[in-house]
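Okay, structure first, notes after.
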C-alpha cells in the first residue's frame with residue numbers, strides 16, 4: 001500500500017513539470033509576446049524592461065524556464081492587469097467560491113444519483129429502469145449552460161423562488177475570514193445569511209451537478225447489476241441473510257468501488273462546468289474570473305488560473321486513486 | 001419468450017450473416033434508442049446539408065424595423081421561431097447553425113481522432129519508453145480541464161472557426177490515444193490471440209482479423225460520443241464569447257450568449273438554440289450508446 005502511494009506520488013512529478021512547461025510555453029506563444037501579455041495595454045517601456053528583467057526574457061530559454069519555475073514556486077503569479085492586485089490575492093477570494101459550488105454540485109449528484117442507480121438496478125428491465133436510463137441520457141446531452149439558463153428562467157425569473165445572480169444578497173453584511181460563505185455565515189452565527197448563501201447555491205449546484213448525477217446513476221446501476229450476480233452475493237442470500245443486509249453489506253459495498261472512481265473523474269468536468277455555470281449566474285468564482293480574464297486579455301490571471309486549477313485537478317486525482325486503493329481490499333492487502 | 005419463439009429466433013440467427021459489422025448493424029436496428037438516435041442525426045444532417053433550400057431568409061442580416069420597438073417577437077406564422085434582438089429570423093439562423101455545428105464537430109473530432117490514434121498506435125505497438133513518454137504527455141494534457149485547455153488554445157490562436165476546431169480537437173487527442181493504446185494492449189494479451197497464435201495463424205492475419213477489429217470498436221464508440229462532446233464544447237466556447245470572430249455567424253452557442261438579458265421578455269431566444277443543441281447531441285449519444293452495446297462481445301449473439 002505504501003509502495004503504491006509512493007509510486008503514485010512520484011508519477012506526480014513529471015506531470016507537474018510538464019504542466020509548468022506547457023503554461024510557460026503558452027505565455028510565449030501568445031500573440032502579443034510574454035512581456036506585453038503580462039502587462040496589458042498600459043505597458044510602458046519601463047515596465048516592459050522590468051518584466052524582461054524579472055523573467056530574464058533576453059536570456060536562453062532554459063534559464064527563462066528556471067526563473068519562471070522559481071517565481072511560481074515562491075507563490076508569485078504576478079499581478080492582474082485589470083485591478084493591479086496580486087493574482088494570488090484574487091485567487092484566494094475566487095477559489096473557495098468554486099469549491100463551495102463544486103462540492104454542492106457533487107453532493108446533489110451523489111445523494112440523488114446513487115439511490116437512483118440502485119433502484120434502477122433493483123428494478124432491472126422495468127419502466128423505472130428504462131426511464132432512468134432515458135433521463136440520464138438526456139441529462140448528459142443538455143449543455144450545462146443551457147440547463148443553467150433554463151433553471152434560472154423557471155425558478156428565478158418566472159417563479160421568483162430563488163435569486164438569479166451572485167453568491168449572497170447585497171444587503172447582507174458578512175465578514176469573510178475563510179471566503180467559504182457557508183462557513184463564514186456559520187462562524188458569524190448568522191443563520192439568516194447562511195440560508196441566503198444556500199439559496200444562492202441551489203440553482204448553480206443543480207446545473208453543475210446534472211452531468212455527474214446522470215453519470216453516477218448510470219455507473220451505480222451498472223455496478224450493482226455486475227455485483228448482484230457474484231458468487232458471494234448468492235452465498236450471502238443462500239445462508240439466509242435478510243435482503244436488506246445483503247443489499248448494503250455485499251452489493252452496495254462492492255459497487256462502491258467503480259462509483260468512487262467515477263465521482264473522482266468528474267472533478268475535471270466540474271471545474272470546466274463551473275466556468276459555464278458561474279457565467280450564467282454571475283457567481284463570483286474561478287469561472288467568471290477566468291472568463292473576464294479572456295475578455296479583458298488579462299493573461300496573468302489566465303496563466304495563474306489555469307496553472308492553479310490544473311494543479312488542484314492533479315491533486316484531486318491523486319486523492320481519488322489513493323482512496324480507491326484504500327477501499328479496494330485487493331489493493332489494500334497487497 | 002415461448003419455446004416456439006426461441007426456436008424461431010435460433011433459426012433466424014443461423015440464417016444471418018455472421019460478420020462483425022453485419023451483426024452489429026442487425027442489432028442496432030433492433031435497438032429502439034439507437035433508431036431514435038439515427039432519426040435525430042438524420043434530421044440534423046439533412047438540415048445542415050440543405051440549409052440554403054430550407055432557410056427562408058439570410059441568417060446574417062436582420063431588419064430592426066420588424067421588431068416594432070419590442071424585443072423580441074416570439075414564434076408566429078411568418079417567423080416560425082420568432083425574431084432575435086437584431087430582427088433576424090431565428091429559424092433561418094438555427095438551420096444555418098446546424099451547418100456550423102456539424103462542420104466544426106466533424107473536423108474537430110477528425111483532428112482529435114487522427115492525431116490521437118496515431119500516437120495511441122505508436123504507444124501500443126512499440127511499448128517501452130516510447131509508450132511511457134506518450135502516456136506522460138497525455139497525462140499532462142488531461143491534467144488541464146478540457147474547456148480551460150480549449151480556452152487557452154483559442155487565446156493563442158485567436159478567434160475563428162478553424163481555431164475552434166483545433167482547440168476542441170486537441171482536447172480530444174489524449175482520450176483517443178489512451179483508448180487505442182489500452183485497447184491494443186488488452187487485445188494483444190487476450191486468450192483468443194494466444195489461441196490463434198498457438199494453432200499457427202500467421203502474424204499478419206492475427207493483427208488484421210483479431211487485434212485490430214477488437215481494438216477499433218471502442219474507438220468507433222468513442223468517436224460517436226466525441227461528436228456529441230465536440231458539439232457541446234463548440235457551443236460552450238461560443239457561449240463564452242470565444243466563438244467565430246464575426247458575431248453575426250449563426251452558431252448555436254453564440255446565439256445563446258446574450259439571451260439571458262432577454263429571458264423575461266423573449267425566452268424563445270434561449271430555448272430554441274438550446275433545444276437544437278440538445279437534439280443533435282442526444283442523437284449522437286443515442287447512436288454511440290447503441291453502438292457500444294451492439295459491439296460488446298458480451299452481448300453479441302443475443303437478440
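Read-outs: derived from the displayed coordinates by stated rules, not from any lab. This is a predicted model, so every value here is computed, not measured. Glycine also receives a Cβ, built like all others from the backbone with ideal geometry; neighbour counts cover every protein chain displayed.
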For labels at residue B:106 and residue B:258 in the simple 7 Å Cα→Cβ model, what's the distance in nm? 3.1 nm
Starting at 0 and stepping by 10 Å, how many percent of the alpha carbon pairs of segment A:87-204 end up in each bin? 12, 32, 31, 18, 7, 1
Point-to-point label distance, residue A:82-residue A:296, nm (Cα→Cβ direction, 7 Å offset): 0.4 nm
Compactness summary of chain B: radius of gyration and Dmax from Cα atoms, Å, are 23.5, 81
Nearest 10 degrees is fine. How inclined is helix A:299-327 to the longest principal axis of chain A, computing both from alpha carbons? 30 degrees
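Counting only helical runs of four or more DSSP H residues, what would the 222 nm mean residue ellipticity of chain A come to if each run contributes -39,500 (n - 2.57) and the total is spread over all its residues? Show your work: numbers first, answer last.
Working: 14 runs with 244 residues, N = 334.
Helix-only estimate at 222 nm: -24500 deg cm²/dmol.
Per residue Cα convex hull volume for segment A:237-334, in cubic angstrom? Provide the component values of the computation, followed by the final result.
Working: hull volume 10.9 nm³, N = 98.
Expressed per residue, the convex hull around the Cα atoms of segment A:237-334 is 111 Å³.
Which peptide among A:204-213, A:18-27, A:123-132, A:142-151 comes first, and what is the full order, when sorted by highest mean count of other Cβ atoms within 10 Å? Write down the numbers at each step before the final one.
Values: A:204-213: 26.8, A:18-27: 17.9, A:123-132: 13.2, A:142-151: 24.5.
Going from most to least packed, we get A:204-213, A:142-151, A:18-27, A:123-132.
From the Cα trace of segment B:87-161, what convex hull volume per residue do you get, rounded to a whole Å³?
Working: hull volume 8.3 nm³, N = 75.
Dividing the Cα hull volume of segment B:87-161 by its residue count gives 111 Å³.
If the chain between residue A:169 and residue A:32 were fully stretched, how many nm would it gain, using 0.36 nm times the residue separation less the Cα-Cα distance? Don't jump to the answer; show the numbers that get you there.
Values: separation 137, 0.36 × 137 = 49.32 nm, distance 3.95 nm.
Between residue A:169 and residue A:32, full extension yields an extra 45.4 nm.
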1/(1 + (r/R0)^6) with r = Cβ-Cβ of residue A:53 and residue B:156, R0 = 25 Å, i.e. FRET efficiency to nearest 0.05, evaluates to 0.50
Between residue B:43 and residue A:2, how many nm apart are label points set 7 Å from Cα along the C-beta direction? 6.2 nm
Kirkwood hydrodynamic radius of segment B:40-198, Cα pairs, Å: 19.1 Å
Helix-derived [θ] at 222 nm for chain B: sum -39500 (n - 2.57) over DSSP H runs of at least 4, divide by residue count, nearest 500? -23000 deg cm²/dmol
Specify the angular offset, from 0 to 90 degrees and rounded to the nearest 10, of the alpha carbon long axis of helix A:127-141 from the longest principal axis of the alpha carbons in chain A. 10 degrees
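Suppose we look only past 17 Å in the calculated P(r) of segment A:21-144. What percent of the Cα-Cα pairs does that tail hold?
Numbers: 5460 of 7626 pairs.
Beyond 17 Å sits 72 percent of the P(r) for segment A:21-144.
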Taking the 0 to 90 degree range and rounding to the nearest ten, how far is the long axis of helix B:90-126 tilted relative to the main principal axis of chain B, both from C-alpha atoms? 30 degrees
Suppose the chain between residue A:12 and residue A:44 were pulled fully straight at 0.36 nm per residue; how much longer would it get relative to their current alpha carbon spacing? 7.6 nm
Any chance you could list P(r) for segment B:123-190, counting all Cα-Cα pairs in 10 angstrom bins from zero, rounded to whole %? 21, 40, 26, 12, 1
So the FRET efficiency between residue B:208 and residue A:131, C-beta based with R0 = 41 Å and rounded to 0.05, is 0.45
Given N residues in chain A, what is its alpha carbon radius of gyration divided by 2.2 N^0.38 Å? 1.19
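Using the eigenvalues of the Cα gyration tensor, what equivalent ellipsoid semi-axes result for the protein assembly as shown when each is taken as the square root of five times the eigenvalue, whole Å, largest first? Please report the intermediate quantities before stating the final value.
Details: eigenvalues 324, 213, 163 Å².
Semi-axes (√(5λ), whole Å): 40, 33, 29.
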For peptide A:144-157, the mean count of other chain Cβ atoms within 10 Å per residue Cβ is 5
So if we plug the beta-carbon distance of residue A:112 and residue A:191 into 1/(1 + (r/R0)^6) with R0 = 30 Å, what FRET efficiency do we get, rounded to 0.05? 0.75
